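Chemist: For reference, the structure I am asking about is given below.
The values are calculated or read from the model by the stated rules, or taken from the named source; none is laboratory data. Everything numeric here is computed off the predicted structure, so don't read it as measured data. Glycine gets a Cβ as well: all are built from the backbone with ideal geometry, and neighbour counts include every protein chain shown. Ligands, DNA and RNA are stripped out before the accessible areas are found, and what is left, the full protein with its side chains, is counted by its heavy atoms. Shrake-Rupley method; radii C 1.70, N 1.55, O 1.52, S 1.80 Å.
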Amino acid sequence: MPKLRVAVLFLAVATTAHGDWTILSADSEPGGAVVVHQHVILENAGADDRAVVDLAIFSTKSCTLRVIQNEDGASNLADVMRREKCLAGVNGGYFSPDFAPIGLLISDGKVVAPLRRARLITGVLSASTHEVQIARVREFSRQQKLDAAIQCGPFLVDLSQRVRGLDDSRSARRTFAATGTNGRVALGVCSDMSLADLGKILATTRLAEDFKIQRALNLDGGSSSAFWFARKSGAFSIPEQKPVRDLVAIVAR
């Protein structure tokens, strides 16, 4: 059966406001278990800048998240995703120089590191039998029975609005998770940009026609940022530039 590949050009409303991002093109390709890889190119005409965002979008009806430990940093994202037969994945949360996770980490139902209260790690991405959610630390219940969880931050989008006060001075590669309407969830990575710009893009730009983001959480970025997707035509991979402590994977239910 021929490879299904659909290129969609989104028509964006023209604007003259400085700092507005518009979509130049979006390319979509399905993977396994109804996971879709969305490759989006955006332009900020006011700042003469471009950005690339890659998303793995799935429905919680057919897939969930798994947090996989990489305790010694010996394996890269691509190798782990293939070995564990995952559908897609990204790098996970922050870790110390001695490779200890910073903040809550639950892997395969086991609590590896406890919840922490700190200025930067304000959210928890978690998966249970029934749902995948992003919660603020103050909302998070330690009584939940979770299969996977990772604490990170800052929040980028909340109630479909970009979070105010995000840093706009430093550009770097970014990794993030997002929850949206109709039980849909995404893991994503983007080219160098500030947290403020990423929050704005995720809140104000429809990166996929059937996916409106309600909440988004920043994961570890910079040289840790990585993305992998099992396309039918062969894996799409953006490798990390240094070893990472843990990984977030999309797996079939």
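Chemist: Suppose every K and R has +1 on its Cβ and every D and E has -1 on its Cβ; what is the size of the dipole of the chain about the Cα centre, in Debye to the nearest 20? Could you put the intermediate results ahead of the total?
Modeler: Numbers: 31 positive and 26 negative charges, 144 e Å.
The calculation lands at about 700 debye.
Chemist: What part of the accessible area of the range 155-253, given as a whole %, is carbon or sulfur when the probe is 1.4 angstrom? Intermediate results must be reported in sequence, preceding the final value.
Modeler: Values: 1700 of 3830 Å².
Roughly 44 percent of what the probe reaches on the range 155-253 is carbon or sulfur.
Chemist: Counting Lys +1, Arg +1, Asp -1, Glu -1, what net charge surrounds D108 among other residues with beta carbon under 10 Å of its beta carbon? Intermediate results must be reported in sequence, preceding the final value.
Modeler: Values: positive: R66, K110; negative: D147.
Local net charge: +1.
Chemist: So, one more: Let me know the shape class of the range 92-145, please: from the alpha-carbon gyration tensor, a ≥ b ≥ c as square roots of the eigenvalues, rounded when a/c is under 1.5, otherwise prolate if a/b is greater than b/c, or oblate. Don't jump to the answer; show the numbers that get you there.
Modeler: Details: a/c = 2.01, a/b = 1.34, b/c = 1.49.
Oblate, because a/c is 1.5 or more while a/b does not exceed b/c.
Chemist: Further, regarding this structure: Suppose R0 equals 22 Å; then what is the FRET efficiency for K145 and R117 from their Cβ-Cβ distance, rounded to the nearest 0.05?
Modeler: Working: r = 22 Å, r/R0 = 1.00.
Efficiency at R0 = 22 Å is approximately 0.50.
Chemist: Now for a different question. With a ≥ b ≥ c taken as the square roots of the eigenvalues of the C-alpha gyration tensor of the range 172-253, please select rounded if a/c is under 1.5 and otherwise prolate if a/b is larger than b/c or oblate if it is not?
Modeler: Working: a/c = 1.72, a/b = 1.13, b/c = 1.53.
Oblate, since a/c reaches 1.5 and b/c is not below a/b.
Chemist: Which pairs break 30 Å Cα to Cα here: K85/K110; K85/K200; K110/K212; K145/K232? Don't skip to the answer; put the middle values down first.
Modeler: Values: K85/K110 20 Å; K85/K200 34 Å; K110/K212 32 Å; K145/K232 34 Å.
Exceeds cut-off: K85/K200; K110/K212; K145/K232.
Chemist: Which label marks the calculated value of Rg/Rh (Cα atoms, Kirkwood Rh), given the options [x] 0.94; [y] 1.09; [z] 0.98?
Modeler: Recomputing Rg/Rh (Cα atoms, Kirkwood Rh) here picks out [x].
Chemist: I've got another one for you. Determine the sum of side-chain charges near N70: Lys and Arg each +1, Asp and Glu each -1, restricted to other residues whose C-beta is under 9 angstrom from that of N70. Intermediate results must be reported in sequence, preceding the final value.
Modeler: Values: positive: R245; negative: E71, D72, D246.
So the environment of N70 carries a net charge of -2.
Chemist: Using +1 at the Cβ of each Lys and Arg and -1 at the Cβ of each Asp and Glu in the range 191-253, identify which of A252, Q241, S191 lies farthest towards the dipole's positive end.
Modeler: A252
Chemist: A further question follows. Round to a whole number: what % of the accessible area of the range 38-132 belongs to carbon and sulfur, probe 1.4 Å?
Modeler: Details: 2150 of 4470 Å².
That fraction is 48 percent.
Chemist: Taking only protein heavy atoms and a 1.4 Å probe, what accessible area per residue, in Å², does the chain have with all protein chains in place? Provide the component values of the computation, followed by the final result.
Modeler: On the way: 11900 Å² over 253 residues.
Using a 1.4 Å probe on heavy atoms only, each residue of the chain averages 47 Å².
Chemist: Let me ask something else about it. Listed highest first by mean packing, meaning other Cβ atoms within 10 Å per residue, what order do 196-208, 225-237 come in? Before the final figure, lay out the partial values.
Modeler: Numbers: 196-208: 21.3, 225-237: 18.8.
With the highest mean Cβ count within 10 Å placed first, the list reads 196-208, 225-237.
Chemist: Oh, and also: Would you tally the net charge around F99, using a Cβ to Cβ cut-off of less than 13 Å, leaving F99 out, and scoring K and R as +1, D and E as -1?
Modeler: -3
Chemist: Please list 68-74, 98-104, 135-141 highest first by mean number of surrounding beta-carbon atoms within 10 Å per residue. Mind dumping the intermediate values first?
Modeler: Numbers: 68-74: 14.7, 98-104: 17.1, 135-141: 13.1.
Highest-to-lowest ranking by the protection proxy: 98-104, 68-74, 135-141.
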